[in-house]
Amino acid sequence: MKALIIGAGIGGMSAAAALKQQGIECDVFEAVKEIKPVGAALSIWSNGVKCMNHLGMGHIMDQLGGPMHNMAYQDGISGSVMTQFSLSPLVEAVGERPCPVSRADLQSMMVDSWGKENIQFGKRIEKVEQTEESVTAYFTDGSSATGDFMIAADGAHSKVRTHVIGYQAERRYAGYVNWNGLVDVDEDIAPDNQWTTFVAEGKRVSIMPVADKRFYFFFDVPLPTGLEEDRTTVIKDLTGYFQGWAEPVQKLISAINPETTNRIEIHDIDPFDTLVKGNIALLGDSAHNTTPDIGQGACSALEDSVVLGQCFAEHGAIESPADIEAVLKAYEEKRRFRVKDLVLKARKRCDVTHGANMAETQAWYDELKVEKGDKIIEGLRNTIINGPLG
């Protein structure tokens with residue numbers, strides 16, 4: 001039995017690991033000739049770390065995870081602390097730590113764990129054909145590959161998604177632009193063991209520690225889509241958008257490297273229930289493209305892979321194409337409500353954080369000033385424990 005895995009990102013590589021655990025041969029195809037991840041880092045919350053452990057890649061998290069022990073919100077203008085608390089109660093409640101990681105390092109180590117020589121690069125999928133017995137991927141270079149089933153982890157712009165759900169899913173602009181990158185740790189900007197977020201005016205500046213004494217940073221600004229800005233103007237742009245903000249924010253702006261800073265217009269896709277068509281299953285962003293506002297994009301892809309492996313394990317021996325379809329349908333049933341919930345939660349948080357209704361955003365700021373950490377930790381706990389590994 002052979003699986004075709006389309007995409008060698010976090011979803012694709014975790015799916016390959018999950019299927020390998022079940023003794024299933026996988027051929028992995030990646031569109032680009034050289035992987036250059038979009039986004040500097042990821043907040044892998046405890047549910048994602050549990051998934052990496054389950055998939056035999058926990059050592060990667062141990063190596064890459066930053067020491068994020070505390071959490072704080074600060075007023076963006078004055079710099080005053082609105083709330084600050086330890087994440088230890090969260091770790092104790094869910095049994096695992098959160099791990100902010102460099103995205104490039106995570107993807108590179110997952111690829112190395114699988115074996116880079118076992119991935120076919122430069123294979124951009126053009127179309128799919130499926131029968132009851134097999135599925136064939138046709139690539140833009142004129143080549144093709146056939147397997148017993150396909151896991152399409154080909155990202156937010158998935159080509160396979162349209163084939164599976166029967167229509168072209170439209171991406172929805174979430175209303176804000178995100179700049180992100182990595183800088184050296186500087187405790188004049190933020191403590192080196194804390195997720196620190198500055199908020200005001202519907203904007204956000206966030207700093208997380210990752211391995212090797214680096215901060216992952218991001219700036220969020222509500223803006224119209226399609227503005228002509230690029231790396232050459234990043235310092236000027238951010239200085240203008242955050243004029244009058246607190247000194248740590250100004251220090252962060254002056255520290256960033258425009259050449260390694262990403263600018264991304266944030267989008268999501270309305271959730272849909274169809275994740276599977278016969279012997280093809282969507283996984284990761286192709287199945288549930290979300291905004292990053294609750295930090296569950298990569299985590300939910302990892303959860304998908306764990307559930308996929310669990311479904312094969314629970315089914316037992318695969319003796320016919322109908323067995324494969326039954327496993328994939330079980331995967332769909334276990335995932336479709338969970339991922340829809342995460343997409344909509346992120347969308348709701350996005351609107352509150354980024355001033356879709358400034359009265360609601362101001363009310364959130366006021367809540368933060370009296371927050372002791374309990375409410376935030378409970379929200380994080382609920383999201384984590386509803387994952388496949390509890």
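Rule-based calculations on the coordinates, nothing more; no lab input. Just so it is clear, the model here is predicted, and its values are computed rather than measured. Positions of Cβ are backbone-derived with ideal geometry, glycine not excepted, and every protein chain shown enters the neighbour counts.
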Legend entry - Neighbour-limited loop hits for GluC sites (Glu not before Pro), segment 242-345 (at most 15 other Cβ within 10 Å; DSSP other than H, G, I, E, B): Glu319
Legend entry - Sites Phe121 and Ala313, calculated FRET efficiency, Cβ-Cβ separation with R0 30 Å, nearest 0.05: 0.50
Inset, instruction - Can you tell me what the convex hull of the Cα atoms of segment 1-80 projects to on average, as an area in nm²? - result: 7.7 nm²
Legend entry - Equivalent ellipsoid, segment 61-120 (semi-axes from 5 times Cα gyration tensor eigenvalues, Å): 34, 16, 7
Legend entry - Footprinting exposure proxy for Asp141, Asp341, Asp304 (fewest neighbouring C-beta atoms within 10 Å first): Asp141, Asp341, Asp304
Legend entry - Cα Rg, Dmax, the chain, angstrom units: 21.0, 66
Inset, instruction - Sort Ser88, Ser134, Ser43 so that the residue with the fewest other Cβ atoms within 10 Å of its own Cβ comes first and the one with the most comes last. - result: Ser88, Ser134, Ser43
Inset, instruction - Please report Lys236, Lys36 as a ranked list, fewest other C-beta atoms within 10 angstrom at the top and most at the bottom. - result: Lys36, Lys236
Inset, instruction - Compute log10 of I(q)/I(0) for segment 342-390 with the Debye formula, placing one identical point scatterer on every Cα and leaving out solvent, at q = 0.30 Å⁻¹, to two decimals. - result: -1.09
Legend entry - Gap separating the Cα centres of segment 1-68 and segment 201-237, nearest whole Å: 26 Å
Inset, instruction - Over 18 Å between C-alpha atoms is what I'm after, so list which of Lys251/Lys369; Lys123/Lys159; Lys159/Lys340; Lys345/Lys375 land there. - result: Lys251/Lys369; Lys159/Lys340
Inset, instruction - Taking only the C-alpha atoms, wrap a convex hull around segment 192-253 and report its volume per residue in Å³ as a whole number. - result: 105 Å³
Inset, instruction - With no solvent and one equal point scatterer placed on each C-alpha of segment 306-390, evaluate the Debye formula and give log10 I(q)/I(0) for q = 0.16, 0.22, 0.23 Å⁻¹, two decimals. - result: -0.76, -1.07, -1.12
Inset, instruction - At 25 °C and 0.890 mPa s, grab the translational diffusion coefficient of segment 135-277 from Stokes-Einstein with a Kirkwood Rh over Cα pairs, rounded to a whole number in µm² per second. - result: 136 µm²/s
Inset, instruction - Run the dipole for the chain about the Cα centre, Lys and Arg Cβ at +1, Asp and Glu Cβ at -1, nothing else charged, and hand back the magnitude in debye, nearest 20. - result: 220 debye
Inset, instruction - Could you give the DSSP H helices of the chain that reach 18 angstrom or more along their long axis (alpha carbon positions) and whose average Kyte-Doolittle hydropathy is no lower than -0.5? - result: 297-315
Legend entry - Environment charge of His163, counting only residues whose C-beta is closer than 14 Å and scoring Lys/Arg +1, Asp/Glu -1: +1
Inset, instruction - Using only the Cα atoms of segment 119-181, each taken as one equal point scatterer with no solvent, compute I(q) by the Debye sum, divide by I(0), and report log10 of the ratio at q = 0.14, 0.20, 0.22, 0.28 Å⁻¹. - result: -0.53, -0.86, -0.98, -1.33
Legend entry - Loop trypsin sites (Lys or Arg not before Pro), segment 1-82, which have at most 12 other Cβ atoms in a 10 Å radius of their Cβ (DSSP): Lys33
